[in-house]
Amino acid sequence: MVDKKIILFDGLCKFCNFWVQFAFKRNKNRDLFFMSLQDERAKDLLARHNFNPSALSSVVFLKDEKIFLQSTAAFEICKHLDGGWKAISLLLVIPKFIRDFFYNFVAKHRYRLFGKLDTCIIPNAEMKRQFL
């Protein structure tokens, strides 16, 4: 898994699942891989990088053995999407404390705003190869 670009996401969050499907559809190179934060392997992976998985409530992006969190993770992921979505990564010039203020607001209220699933999604046949 060292050379893979891995998106770790809240598998119970409807909003997070929407964005996983969004990213999958716009990643024609199929170089993005997905793993639910609830997965034991994700917890092990984060622990190896000295992160407490239970303390995370946002998307995590692992690329080149570097971990990106919160808004930085979201914008780094955009760099790997096709079309104009790469341009969104230009928002990284906005100071992190400003970006993360808005990101954290949505993350904190995501279940109330978008809903929560009872179980993690099961990827369809097309997506299955990209799920670890």
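Residues of segment 11-38 being modelled with pLDDT of 90 or more, out of contact with any strand residue (DSSP E or B) (no Cβ under 6 Å at 6 or more places or on another chain) and in a loop (DSSP other than H, G, I, E, B), which ones?
26, 27, 28, 29, 30
Does segment 97-112 contain any residue that is under 20 Å from residue 10 (Cβ atoms), in contact (Cβ under 8 Å) with a residue 40 or more places away in the chain and charged (D, E, K, R)? Give the derivation first.
Residues of segment 97-112 that are under 20 Å from residue 10 (Cβ atoms), as a first pass: 99-112.
Imposing the further condition that a residue be in contact (Cβ under 8 Å) with a residue 40 or more places away in the chain reduces the set to 103-104, 106-108, 110-111.
If we keep only those that are charged (D, E, K, R) as well, we get 108, 110.
Yes - at least one qualifying residue is present in segment 97-112.
Going through segment 22-71 one residue at a time, which ones are at positive phi and charged (D, E, K, R)?
Within segment 22-71, the subset at positive phi is 30, 50, 64-65, 70.
30, 64, 65, listed by residue number.
Give the residue, chosen from 87, 107, 47, that is under 20 Å from residue 17 (Cα atoms) and either modelled with pLDDT of 95 or more or out of contact with any Gly (no Cβ under 7 Å at 6 or more places or on another chain) (or both).
Going through 87, 107, 47 in turn, just one is under 20 Å from residue 17 (Cα atoms) and either modelled with pLDDT of 95 or more or out of contact with any Gly (no Cβ under 7 Å at 6 or more places or on another chain) (or both): 107.
Do we find that residue 73 is under 13 Å from residue 100 (Cβ atoms), assigned to a helix (DSSP H, G or I) and in contact with a strand residue (DSSP E or B) (Cβ under 7 Å, 6 or more places away or on another chain) in this structure?
When the stated conditions are applied, residue 73 passes them.
Tell me which residues, restricted to segment 70-110, are among the small types (Gly, Ala, Ser) and loosely packed, with under 13 Cβ neighbours inside 10 Å.
83, 84, 87, listed by residue number.
Checking residue 101 against (1) within 18 Å of the chain's Cα centre (by Cα); (2) farther than 18 Å from residue 24 by Cβ; (3) at pLDDT below 85; (4) not β-branched (Val, Ile, Thr), only one condition comes out false. Which one?
Unmet condition: (3).
List every residue pair whose Cβ atoms lie under 7 Å apart, where the two residues are 6 or more positions apart in sequence or sit on different chains, the first residue falls within segment 114-132 and is in contact (Cβ under 8 Å) with a residue 60 or more places away in the chain and among the small types (Gly, Ala, Ser), and the second residue, located anywhere, is in a helix (DSSP H, G or I) and surrounded by 14 or more Cβ atoms within 10 Å (Cβ to Cβ).
115/14
Could you tell me how many of the residues in segment 81-132 are part of a helix (DSSP H, G or I) and closer than 23 Å to residue 40 by Cβ?
5
Under the condition of being free of Cβ contacts under 8 Å to residues at least 60 places away in the same chain and more than 21 Å from residue 72 (Cβ to Cβ), which residue from segment 1-28 is surrounded by the fewest Cβ atoms within 10 Å (Cβ to Cβ)?
Top of the filtered list is 28.
Scan segment 29-48 for residues that are over 24 Å from residue 85 (Cβ atoms) and surrounded by fewer than 15 Cβ atoms within 10 Å (Cβ to Cβ) and report the count.
Residues flagged as over 24 Å from residue 85 (Cβ atoms) and surrounded by fewer than 15 Cβ atoms within 10 Å (Cβ to Cβ) within segment 29-48 amount to 5.
Pairs needed: first member in segment 36-51, closer than 17 Å to residue 69 by Cβ; second member anywhere, not in a loop (DSSP other than H, G, I, E, B); C-beta distance under 6 Å; at least 6 residues apart or different chains.
Listed pairs, sorted by first residue: 37/8; 42/8; 42/35; 43/53; 46/53; 49/67.
The values are calculated or read from the model by the stated rules, or taken from the named source; none is laboratory data. This is a predicted model, so every value here is computed, not measured. Positions of Cβ are generated from backbone atoms using ideal geometry, with glycine treated the same way; all protein chains shown enter the neighbour counts.
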